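Below is one structure, written out as structure tokens; the observations come after it.
Derivation of every value follows stated rules applied to the coordinates shown; laboratory data play no part. Remember, it's a predicted structure, so these values are computed and weren't measured experimentally. Neighbour counts run over all protein chains shown; Cβ positions are idealised from the backbone, glycine included.
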Amino acid sequence: MGRTRSTGSTGERLLKVLHTITGAGRPLSLPELTDAVGLPKPTVHRLVTLLESTGHLIREADARRYATGPALQRLALEVLQSQPGHAARHAVLRGLAEKVGEACNIVLLDGGQLTYIDRVDTQWPLRIRFDVGSHVPLHCTATGKLLLALQPKRVRDRIIKSKVLEPMTPQTITDADRLEAALAEIRRTRVGTDDQEFLSEMVAVAVPVMPTSGPPVVAVSIHAPVFRRSLDTLREFVPDLRSAARELETVLYTDVAEEPDA
């Protein structure tokens with residue numbers, strides 16, 4: 001009896017911490033969390049340490065405040081995928097693809113890799129195919145570099161240190177210092193690019209889909225072969241990408257953003 005009760009109590013407390021952080025709409029410090037959930041500070045510290053270790057929470061750059069992590073945001077998006085919002089999300093992507101005339105994708109930062117969660121292909125005879133569920137690396141893709149650049153520094157450093165920067169093409173950045181310089185530029189522009197770094201003769205641009213709190217884990221992108229579109233030509237579609245990203249923010253995150261206060 002005692003063991004079952006203790007497990008249930010811990011689960012309820014974990015959920016309470018998660019609900020508090022997601023409902024706050026901003027990162028919270030440990031004292032703020034302690035006050036909000038009404039539990040002893042050592043208990044809250046133990047709970048957030050567990051949630052951080054599983055990726056459900058992350059600490060901000062100052063290491064004092066906690067925000068939603070990739071695992072929690074992935075769970076939220078998987079729930080959204082199983083609901084009618086999937087059709088609305090795909091409609092946004094299809095509208096973008098029809099406007100730009102090239103393949104468009106929505107990708108999710110899934111731990112140390114990217115996962116395609118939606119895609120609309122081009123009608124051109126020559127196309128580069130990535131199925132939904134495909135995984136691609138972070139260091140040499142437009143979406144990967146973008147989402148990596150926008151993570152907190154300690155998360156970014158941990159991911160980079162855990163990865164071999166494998167040369168996919170002669171253009172791939174395989175030096176950690178060069179990659180960090182490229183990520184710094186992406187943080188400034190908030191646009192990710194791939195100049196034949198993942199696949200030869202293919203270029204891509206990407207922008208983030210911003211959540212209501214925490215760093216982005218979703219991005220929308222366009223890619224095309226260089227004989228049809230240069231990277232500079234694709235950059236001209238950045239305003240269209242950003243417009244689609246704002247629509248996707250509404251589709252993916254409105255329910256969270258408009259949740260009434262308790």
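A few points about this structure:
- All of THR172, THR233, THR141 fail the test of being among the hydroxyl-bearing types (Ser, Thr, Tyr), touching a strand residue (DSSP E or B) at 6+ places or on another chain (Cβ under 9 Å) and in contact (Cβ under 8 Å) with a residue 12 or more places away in the chain, apart from THR141.
- Here LYS161 clears all of (1) farther than 22 Å from ASP110 by Cβ; (2) loosely packed, with under 13 Cβ neighbours inside 10 Å except the condition numbered (1).
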